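A.B. asks: I have a structure here, written as structure tokens, and I will follow up with some questions on it.
The values are calculated or read from the model by the stated rules, or taken from the named source; none is laboratory data. The shown structure was predicted, so the numbers you read here are calculated from the model rather than taken from an experiment. Neighbour counts are summed over all protein chains in view; Cβ atoms, including those assigned to glycine, are modelled from backbone coordinates with ideal geometry.
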Amino acid sequence: MNRRIHPVSRSIAVSAAIVLLAAACGQGPATPATAPTPGAASAGGLTIGFKSIDPPTKGDNEVEAVVTQDGKPVTDATVAATFRMPAMPSMNMPEMHSSATLEHQGAGRYVGTGALVMNGTWNVTVTVSRGDAELGSSRFTLLAK
């Protein structure tokens, strides 16, 4: 028995396969660039929020982290953001990364400029420390377009 697949059904099946493949490769939806991103609470009730001030693009991007501990702003910490794009061996591209120190602006809000050398999905780790002691860190994702 010879069956033909309807063109619309074929399009739906191909689209579903692409979505499943992207999810399996870890290319899930990126964190919205302009919406605050809640951080994961860590030991001691530390919470880190992170966002890009404007939609992320290739080049310099102003970013913001909001740091609280037990609901109160942390105003005396050192806050740094590390931006990483994983290596893409199939495209002969090594891992890329850059770092930015964020300056306190008041009320636990830290702002700085991070460099993204190309468009794509960037993994961001925001680290909060006081002196030599790391208070905590959280991971986020930016999609530069």
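A.B. asks: Counting only residues that are within 16 Å of the chain's Cα centre (by Cα) and assigned to a loop (DSSP other than H, G, I, E, B), how many does the range 50-71 have?
C.D. replies: 6
A.B. asks: Can you find a residue in the range 124-135 that is at negative phi, modelled with pLDDT of 95 or more, in contact with a Pro (Cβ under 9 Å, 6 or more places away or on another chain) and among the aliphatic types (A, V, I, L, M)?
C.D. replies: no
A.B. asks: Now for a separate question. For the range 117-141, name all the residues that are among the small types (G, A, S) and either surrounded by fewer than 16 Cβ atoms within 10 Å (Cβ to Cβ) or within 18 Å of H97 (Cα to Cα) (or both).
C.D. replies: Listed by number, the residues that qualify are G120, S129, G131, A133, S137, S138.
A.B. asks: Ok, one more. Need the failing condition index for S90 against (1) in a loop (DSSP other than H, G, I, E, B); (2) at pLDDT below 95; (3) exposed (fewer than 14 other Cβ atoms within 10 Å of the Cβ), just the number.
C.D. replies: Unmet for S90, out of (1) in a loop (DSSP other than H, G, I, E, B); (2) at pLDDT below 95; (3) exposed (fewer than 14 other Cβ atoms within 10 Å of the Cβ): (1).
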